[in-house]
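Following: one structure in structure tokens, then a few remarks.
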Amino acid sequence: MAFRISMAYLKLFVTHGVLLMFGFFLIFMSSEKDAYEKMSEDIIKSVEARGDENLLNPYSTQGFSMRIQNKVSMEKIYDDIAYKPRGTTEFFYGIHMDLTNARYAIVINDDRNFSVRNKDYVGRFQYNLTDSYERFIAIAWKLLLLYLVIVASIIRKGKRSDIKLLEPIRVMSATANRLTVNNLHSERLNVEGTKNELKDLANVINAMLDRIETSYESQKQFVSDASHELRTPIAVIQGYINMLNRWGSTNEEVLQESIEAIQNEARSMQDLVEKLLFLSRHDKKTLKLTKKRFNMRPLVEDMVRETKLVAGNRIINNPIMEDVIVYGDKQALKQAIRIFIDNAVKYSKDGDEITIKCQKMNDDCVITVSDTGIGMTKKDIDHIFNRFYRSDHVRNQNISGHGLGLSLAKLIILAHTGKIKIHSQFKKGSSFIITIPKRKF
Ligand code: ADP
């Protein structure tokens, strides 16, 4: 990793180095060219000022000859300047620069117009930049050497700091490699000594691991509770099968009792398994609902009728029934409301009252299921939506159930963005108020 970063730096330095040299080359050469151009301008001005036509005679042996010197070094750069009279296509040269021996013959042509005594001329100036180029190369070598020294020292230092910087990543990946479900609770990425973004990243990963651990633990708990719940009916069924084995063929009473018990346990197991499957497959987000508009009133009235049939010894009141259109999954909502009604029956005794209402409040649908049954303590109310939770007094009274109904009902109500409110008094009764909000567009 550190090596790859160093290589990336190196690439960066090389490209920048090349660009820098090229830029320097352009600036250097153009400043040299500017100096020559300035000289040609001076020449033109002086020729014009002298106004000597003879000097410009193309056939004169003298020609348009002028000596040009480097202003600074006084070094002779070239001897002659070519010229051509306006209207002609040819250039006439005096003594040319001899470029044949120059190692890098870099020559720039510069044609200039001028006039002397109303006659126009074009003079061709030739700038020999070969010397300048050679000077540039000499400087460039020195610069390159300096640049390489600087780059080498930056890369050496960079590599050391890269290794230091990458150390936390190495530690993190080693920790991540060690992570399994067995050490999920103890292993976390070490954020000590980590800085800035890396520290943030480690914290984010640790928070994610915390969430995974919580969900894994609850899943584990769920499986263990589910197995525990299944163990009881299986043991009961096995007990009755043993009884049947021994006395079933001779004792009619044992036979009858066993069949009934096995039927009950099988029903209870079926109910448990269905709820388990539902809860393990779905959560608030994955629950697939087929929502449409429907009137809640007939649905609740049907359920009241069914309840009256199965719980004839409870007093079923249905005082308020209002038409209210809801947007939701009819089957799922029926399943949820049925859980509240079944509980009201289950956790009350003969002669107790059960009240079921369906009301329209601010366009929301409010369903109330109240009973004058065994009620709940404050502690129970806080836990009844936890999977497998059953209050102690319910367990002690041997009332059937697995503590999954309300979790399932809550899941469905929440998937309709609904709310559940509870009022309960121990030994006096309970009220569950379910609100399904009006569809929000
Ligand atoms: P189950 O009824 O199978 O135990 P639920 O999830 O439906 O599971 O209910 C969880 C617990 O909440 C019950 O065991 C009981 O203690 C309490 N509970 C629910 N409804 C009522 C009620 N109407 N009256 C009193 N207690 C209730």
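What to note about this one:
- The simple spin-label model puts a point 7 Å past each Cα toward its Cβ; for Lys33 and Ile241 those points are separated by 10.1 nm.
- When the trypsin sites (Lys or Arg not before Pro) in the stretch 297-374 are filtered for DSSP coil states and for at most 13 other beta-carbon atoms within 10 Å of their beta-carbon, the remaining sites are Lys349.
- Per-residue Karplus couplings for the stretch 343-350, computed as 6.51 cos²θ - 1.76 cosθ + 1.60 with θ equal to phi - 60°, are listed in order as 5, 4, 6, 4, 9, 9, 10, 3 Hz, Gly and Pro entered as x.
- Taking the stretch 292-436 and dividing mean pair separation by its residue count, relative contact order in percent (alpha carbons under 8 Å, at least six apart): 25
- Square roots of 5 times each gyration tensor eigenvalue, C-alpha, the stretch 389-441, largest first, Å: 27, 14, 6
- Whole-percent carbon and sulfur share, accessible surface of the stretch 196-283, 1.4 Å: 53
- Cross-link pairs exceeding 30 Å in C-alpha to C-alpha distance, out of Lys288/Lys427; Lys199/Lys288; Lys157/Lys199; Lys330/Lys379; Lys349/Lys410; Lys275/Lys427, comprise Lys288/Lys427; Lys199/Lys288; Lys330/Lys379.
- Taking amide H as placed 1.01 Å from N in the peptide plane, the amide H of Ile354 sits under 5 Å from that of Ile315, Ile316, Asn317, each at least 5 places away or on another chain.
- Of all aspartates and glutamates in the structure, the ones whose alpha carbon falls short of 12 Å from that of Lys346, not counting any fewer than 8 places away in one chain, are Asp371.
- In this structure the amide hydrogen of Phe388, modeled in the peptide plane, comes within under 5 Å of the amide hydrogens of Leu404, none closer than 5 places in sequence on its chain.
- Peptides 261-270, 391-400 ranked from most to least packed give 261-270, 391-400, packing being the mean of other C-beta atoms within 10 angstrom over each peptide's residues.
- Peptides 370-382, 402-414, 176-188 ordered by average Cβ neighbours within 10 Å, highest first: 402-414, 370-382, 176-188
- Part-to-part distance (alpha-carbon centres) for the stretch 138-189 and the stretch 200-245, which is given in Å: 45
The values are calculated or read from the model by the stated rules, or taken from the named source; none is laboratory data. All of these numbers come straight from a predicted model, not from anything done at the bench. Here Cβ is always computed from backbone atoms with ideal geometry, including for glycine, and neighbour counts include all displayed protein chains. Keep in mind that these areas ignore ligands, DNA and RNA; they rest on the heavy atoms of the full protein, side chains included. Shrake-Rupley method; radii C 1.70, N 1.55, O 1.52, S 1.80 Å.
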